[in-house]
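Below are the structure tokens for one structure; questions will follow.
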Protein chains: 2
Amino acid sequence: MTSAEQRVEEWLASFESALRAGDAEAAAELFAPESYWRDLVAFTWNITTVEGRDGVAGMLRETLEQAAPSGFALTGEPAEAGGVVEAWIRFETAAGRGTGHLRLKPEGAWTLLTTLRELKGFEESRPQGVEHTLNKGRLTWKEEKQRREEQDPYVVVIGGGQGGIALGARLRQLGVPALVVDKHARPGDQWRGRYKSLCLHDPVWYDHLPYLPFPANWPVFAPKDKIGDWLEMYTRVMEVPYWSSSTVRSATFDEAAQRWSVTVDRDDDTVELRPTQLVFATGMSGKANYPSFPGQDIFQGEQQHSSQHPGPEAYQGKRVVVVGSNNSAFDICGALWEHDADVTMVQRSSTHIVKSASLMDVGLGDLYSERAVAAGVTTDKADMIFASLPYRIMHEFQIPLYEEMASRDADFYARLEKAGFRHDWGADGSGLFMKYLRRGSGYYIDVGAAELVADGRVKLAHGQVDHLTEDAVVLDDGTALKADLVVYATGYGSMNGWVADIVDQATADKVGKVWGLGSDTPKDPGPWEGEQRNMWKPTQQENLWFHGGNLHQSRHYSLYLALQLKARYEGLPTPVYRLAESHHQG
Amino acid sequence: MTSAEQRVEEWLASFESALRAGDAEAAAELFAPESYWRDLVAFTWNITTVEGRDGVAGMLRETLEQAAPSGFALTGEPAEAGGVVEAWIRFETAAGRGTGHLRLKPEGAWTLLTTLRELKGFEESRPQGVEHTLNKGRLTWKEEKQRREEQDPYVVVIGGGQGGIALGARLRQLGVPALVVDKHARPGDQWRGRYKSLCLHDPVWYDHLPYLPFPANWPVFAPKDKIGDWLEMYTRVMEVPYWSSSTVRSATFDEAAQRWSVTVDRDDDTVELRPTQLVFATGMSGKANYPSFPGQDIFQGEQQHSSQHPGPEAYQGKRVVVVGSNNSAFDICGALWEHDADVTMVQRSSTHIVKSASLMDVGLGDLYSERAVAAGVTTDKADMIFASLPYRIMHEFQIPLYEEMASRDADFYARLEKAGFRHDWGADGSGLFMKYLRRGSGYYIDVGAAELVADGRVKLAHGQVDHLTEDAVVLDDGTALKADLVVYATGYGSMNGWVADIVDQATADKVGKVWGLGSDTPKDPGPWEGEQRNMWKPTQQENLWFHGGNLHQSRHYSLYLALQLKARYEGLPTPVYRLAESHHQG
């Protein structure tokens, strides 16, 4: 046995013995003074991180009896570096089986991640597909599927993009009657309908959906229509109950019955559903921020939010002003330039740009890449490593990566600066992923369009839009930009805006802002939350949930949300530890 | 180094040195007197097995200069059992890279398998999906796909079931312009249209398609509609160029131009294609044997070939006579019984039955099962192990397996016999898989219906059909079986029947019988062929190929067929060693 292995074994034995004794304080003493325990549904029926020995003790005092944890054991060989031992573990609770990750310092546990992986008695397994005894009246697979799709759903998921589909697949596999409702004609249209040149900015290893990974011949950066086809295929072969061309008009929670009334316009019908649980998977990029400027009513050209932009074909030779300087703005400017439009980008505030190749290599390469796969870092392992880093200190791990990118691409940033582009590295230099987690905006992963700005092929203007005239966008410094088309690449609002539209404003306010960490950086006001607000966990509104994010999050966190829903469907006790308060309305 | 490893290393070194010296005889001396070298396209541009030292020397004399093999090396640890060392190897030829398998006895190589895996300069790899430089006029993925689907195909594949689709996926991946043409409305309809209760009789581990394995939640025995959905989605996400609702009317080979003229009815149009290569993937079970009996014209009820049977729903309370006692007959009888039809099976000759569970466990368990996967036997490894057994001696490996099944299920066979069912184990006791390879018929994998015959719930009659009357099927012993419906579960003809229909009878005769080994057992006349007739390899008709078989064969052999087509598309030299003669016309 290596010394690292021995240290972990000893720590786990002491930890389990304290837990068995019901001694929260003794267990907490096994943590370092600066320490973090992140629990994904295993102990807390919540997604929460507690800090320090007091945090650990406080959590255990309230959860230990219910969780009744046991069976802590190492899985695989621990690794040691710089005095920190890293180990993979497994354990059980009264309700289920879990896996986790431990970082051990000489003074105790520094970080602990515990995740629920399956509920006892409800393990997933491969079905037989056929009974080998003939019986009169048995249903075929197709008949069984039809029956299932007609039954009353326990869960309604609003929105059938990657998030809703991934969750639907997990619920189907867990045997929870669910229905995904989406307004588009076909699964995947959420992607097909976006601008023509769009490709995923995240690489294939980051993007796998649950159960069915992309094949070895899948492109590193999948084009939008190909992703659309995959999602449609995935929905079908995973047997996700899915209503297309269906729009949720309203939803009301019946306190007495503890059920929702959900009104859906389906083709030409109006249907009333009565699910117990309601999940908003309407997308972080679901609700467009369409800005208001004086003169929008008199402008004679076209105006579009970036989400409505049909692609560049119709705008050859036209003058286009794109308001905004993040991902969508760059992608749209690039495609318009390729189609010989006269394009001006209006930068309203500084933007963080990283070159895709550098981000892939330096930022994601250790976890999600051909190299990572070759080193044994499977998608599941990468997800768990990512999840094991507490948000409180995640930026510390990120800053050096972006310093490396800054140095590697120094010429590129110098060219951008020379062209007048205002560039930043995030409030604390922690770069793209922290911006994504904190505010979901403020960056561009450069897949080529930054060079167009750097060398002036796409023109650059600065400032806020003051007003529009009949044929121009006028900035606050008086600059008038003549335009046939104005594209507002002005981003998206908090997901609780959908709750306001579909349920009511009071419920939206009660639930509060969705996304962000409370990092007290731009667009992510404090206080510190420790986890992403309202995502994948109970909210201030009973039986109302949010699901979404990029493909990585849709894949990984759909598991924990699905297990929470399954436990409730089966009537298991699910006492929530430390339900997050709401500090901001949107 | 283990002694097994050393023996293999020494053998490989001697072998390579003889090959490098161009010394066919010296290389042949390294084989045991009883020995088999099976080559899949690597040395011979053919699928062929040579036997004994003379066979090896003969093959090498003709292929060595062109193949220029080198780089023979062990991959992984050899295993030794009963004096035979088994080893996995790799090697190169002038044209490509290959892998193989060696069984070494003290007196020399007993079996050698060599397979071509990729062509040098045309290796498959993951595409980027996006260029990170913007260019005016670049095509999106969707535009590129449309362009590809409109180009003139180099290969036309007739038939878009699992075979055509798997081959189409490989050709697409290799960059060979190809088009799969199928008469059904959607990919997968080949399965959807079959009888309602049909599930695959092979387990999931045996059934994976290339590139995209079934997920972990896929049923062991997939229902037909689920397979239909998978094939449809696979076609889409693998970007297989595929024309649905399109029927090939005729095809003519233009000797001078070395191209085919293929006439296709597509929707309401007639389209003329000019491919260089034509592949029949019309299915072993493609061309129905519809028998002729006196009185068929006066019979007042319904008559169907098993492939036309719509399922049992319409036949509740009806009298049904099913002529035949193989897979389709049993499945149809079972489903009819479940729907309260009065069913009689007419057994015309003895049938081999194995219980599905026993076949899975004893017959396939070491190669294709949860157990095999846990033991490290991946699908690709299992395919290679299977391919490594020369057909000449394969029955010797099979016989003990069926002896074990006979003993395990002795009660079951006793019950069947008592009910008068005539059962056999194949001409030499080698069971199901040899029957499949030799004649593609004569068996039932029992998924429950055999018990209905054993206990009389499905009635059993024996003999040949003599004639039909207005309301009955009359057997040669005078037995009259009253019937409202007669189902002819009378199997399918040789695939060159399709060549007769689409090209002409002369070409069908020239090419000859498809399938079978020449084993001189019922329905597989000699002489010995050594490989399956005409499958996946050059035929007596230039530029005409056959592809098909079960999912395992569609997966594995599509690789070798695709590489042969790719090599020809790229203009590489492909001298065929020992093109098989045709001994039977159909």
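The values are calculated or read from the model by the stated rules, or taken from the named source; none is laboratory data. This structure is a prediction, so every number in the text was calculated from the model and none was measured. For neighbour counting, all protein chains shown are included, and Cβ atoms are generated from backbone atoms with ideal geometry for every residue, glycine included. These area figures cover heavy atoms from the full protein model, side chains too; ligands, DNA and RNA do not enter into them. Shrake-Rupley method; radii C 1.70, N 1.55, O 1.52, S 1.80 Å.
In whole percent, how big is the carbon plus sulfur part of the accessible area of region B:203-319, probe 1.4 Å, protein atoms only? Write down the numbers at each step before the final one.
Details: 2030 of 4540 Å².
C and S atoms contribute 45 percent here.
Per-residue ellipticity at 222 nm for chain A, helices alone: DSSP H runs ≥ 4 residues times -39500 (n - 2.57), over residue total, nearest 500 deg cm²/dmol? All intermediate terms of the calculation are to be shown ahead of the outcome.
Values: 18 runs with 186 residues, N = 586.
After summing the helix terms and dividing by residue count, I get -9500 deg cm²/dmol.
Next question. In the protein assembly as shown, what is the volume of the convex hull around the alpha carbon atoms, normalised per residue and reported in Å³?
Details: hull volume 243.8 nm³, N = 1172.
Spread over its residues, the Cα hull of the protein assembly as shown gives 208 Å³ apiece.
Restricting the calculation to Cα positions, tell me the Rg (one decimal) and the Dmax (whole number) of region B:307-465 in Å.
So, for region B:307-465, Rg and Dmax equal 17.2, 51 Å respectively.
With a 1.4 Å probe and every protein chain left in place, work out the accessible area per residue of the protein assembly as shown in Å², rounded to a whole number.
Working: 43440 Å² over 1172 residues.
Accessible surface, normalised per residue, equals 37 Å².
Moving on. Relative to the longest principal Cα axis of chain B, at what angle does helix B:3-20 sit, 0 to 90 degrees, rounded to 10?
70 degrees
A:L579 label points, 7 Å along Cα→Cβ, one per copy: pairwise distances from this copy to the rest in nm, shortest first?
7.9
Oh, and also: Let a ≥ b ≥ c be the square roots of the eigenvalues of the Cα gyration tensor of region A:464-560; is it rounded (a/c under 1.5), or, if not, prolate (a/b larger than b/c) or oblate? Don't skip to the answer; put the middle values down first.
On the way: a/c = 2.35, a/b = 2.24, b/c = 1.05.
Prolate, since a/c reaches 1.5 and a/b exceeds b/c.
What would the Debye equation give as log₁₀ I(q)/I(0) for chain B at q = 0.05, 0.06, 0.12 Å⁻¹, counting only Cα atoms as equal point scatterers?
-0.23, -0.33, -1.30
Then there is this: Compute the long axis of helix A:141-150 from its Cα atoms, compare it with the longest principal axis of the Cα atoms of chain A, and write down the angle in degrees, 0 to 90, nearest 10.
Its long axis makes an angle of about 70 degrees.
Follow-up. What average number of partner chain Cβ atoms lie no more than 10 Å from the Cβ of the residues making up A:267-278?
Numbers: counts 0, 0, 0, 0, 0, 0, 0, 0, 0, 0, 0, 0.
The mean count of partner-chain Cβ atoms within 10 Å per residue comes to 0.
Quote the convex hull volume per residue of region A:188-234, based on C-alpha atoms, as a whole number of Å³. Kindly include the intermediate steps, with their values, before the conclusion.
On the way: hull volume 3.3 nm³, N = 47.
Convex hull volume per residue, Cα atoms: 70 Å³.
Where in region B:111-149 is the amide nitrogen less than 19 Å from a point lying 7 Å along the Cα-to-Cβ axis of B:E5?
Taking a point 7 Å out along Cα→Cβ of B:E5, no residue of region B:111-149 has its backbone N under 19 Å.
To the nearest 20 debye, what charge dipole does the protein assembly as shown have about its Cα centre, counting +1 at the Cβ of each Lys and Arg and -1 at the Cβ of each Asp and Glu?
Working: 118 positive and 162 negative charges, 164 e Å.
Using Cβ point charges on Lys, Arg, Asp and Glu, the protein assembly as shown gives about 780 debye.
If you don't mind, there's one more thing I want to ask. Taking just the C-alpha trace of region A:32-92, give me its Rg and Dmax in Å.
Over region A:32-92's Cα set, Rg and Dmax evaluate to 13.0, 37 Å.
Put a label point 7 Å from Cα along the Cβ direction on A:P527, then list its distances to the equivalent points in the other copies in nm, shortest first.
9.2
Also: Report the normalised scattering of region A:376-422 as log10 I(q)/I(0) at q = 0.28 Å⁻¹, calculated by the Debye formula with identical scatterers on the alpha carbons.
Normalising to I(0) and taking log10 leaves -0.96.
Excluding ligands, DNA and RNA, what is the accessible area buried between chains A and B, summed over both sides, using a 1.4 Å probe, to the nearest 100 Å²?
Working: alone 24280 and 24290 Å², together 43440 Å².
Accessible area lost upon association: around 5100 Å².
If I model a spin label as a point 7 Å beyond the Cα along the Cα-Cβ vector, how far apart are those points for A:K523 and B:E255 in nm?
For A:K523 paired with B:E255, the spin-label model returns 7.3 nm.
Report in % the part of the accessible area of region A:44-160 that belongs to carbon and sulfur, leaving out ligands and nucleic acids; probe 1.4 Å. Mind dumping the intermediate values first?
On the way: 2340 of 5100 Å².
Exposed carbon and sulfur together represent 46 percent of the surface.
Follow-up. A drop of at least 40 square angstrom in accessible area, chain alone versus all protein chains together, probe 1.4 Å. Which residues of region A:439-464 meet that?
Listed by number, the residues meeting the 40 Å² cut-off are A:V447.
Also: Output the residues of region B:133-169 meeting this criterion: accessible area (heavy atoms, 1.4 Å probe) in the chain alone minus accessible area with all protein chains in place is 20 Å² or greater.
Buried by the other chains: B:L134, B:K136, B:R138, B:T140, B:W141, B:K142, B:E143.
Here is a follow-up. List for region A:114-129: residues with 40 Å² or greater reduction in accessible area, all protein chains versus chain alone, probe 1.4 Å?
A:R126, A:P127, A:Q128, A:G129
Another question, then. Just to be sure I understand: chains B and A are related by a rotation, so which residue of B has its Cβ closest to that axis, and how close in Å?
B:M233, 2
Would you please put B:426-436, B:17-27 in order of how densely packed they are, using the mean number of other Cβ atoms within 10 angstrom per residue and starting with the highest? Show your work: numbers first, answer last.
Working: B:426-436: 21.3, B:17-27: 16.5.
The densest-packed peptide leads the list: B:426-436, B:17-27.
In square nanometres and to one decimal, what's the mean projected area of the convex hull around the Cα atoms of region B:136-264? Could the numbers behind the result be given before it?
On the way: hull surface 41.0 nm².
Answer in nm², one decimal: 10.3.
Okay, moving on. For helix B:379-388, report the angle its Cα long axis makes with the longest principal axis of the Cα atoms of chain B; keep it between 0 and 90° and round to the nearest 10°.
Helix B:379-388 sits roughly 90 degrees off the main axis of chain B.
List the residues whose amide H sits under 5 Å from the amide H of B:F546, counting only those 5 or more places along or on another chain, with H placed 1.01 Å from N in the peptide plane.
Hits under the 5 Å cutoff: B:F280, B:W536, B:K537.
Here's a follow-up. Rounded, prolate or oblate: which one fits region B:159-210, using the alpha carbon gyration tensor with axes a ≥ b ≥ c (rounded when a/c is under 1.5, else prolate when a/b beats b/c, else oblate)?
Details: a/c = 4.42, a/b = 1.43, b/c = 3.08.
Oblate, because a/c is 1.5 or more while a/b does not exceed b/c.
Now for a separate question. Once the label point is set 7 Å along the Cα-to-beta-carbon vector, what list of distances in nm do you get between A:T270 and its counterparts in the other copies?
Ordered by distance, the counterparts are at 5.5 nm.
Once you sort the root eigenvalues of the Cα gyration tensor of region A:62-125 as a ≥ b ≥ c, which label holds: rounded (a/c under 1.5), prolate (a/b larger than b/c) or oblate (the other case)?
Working: a/c = 3.33, a/b = 1.77, b/c = 1.88.
Oblate shape, in that a/c is at least 1.5 and b/c is the bigger or equal ratio.
Next question. Just in region A:415-483: which GluC sites (Glu not before Pro) are loop by DSSP and have at most 13 other Cβ atoms within 10 Å? Can you show the working numbers first?
Details: sites: A:E417, A:E451, A:E470; in loops: A:E470.
Here the GluC sites (Glu not before Pro) that fit, given the DSSP loop and packing criteria, are A:E470.
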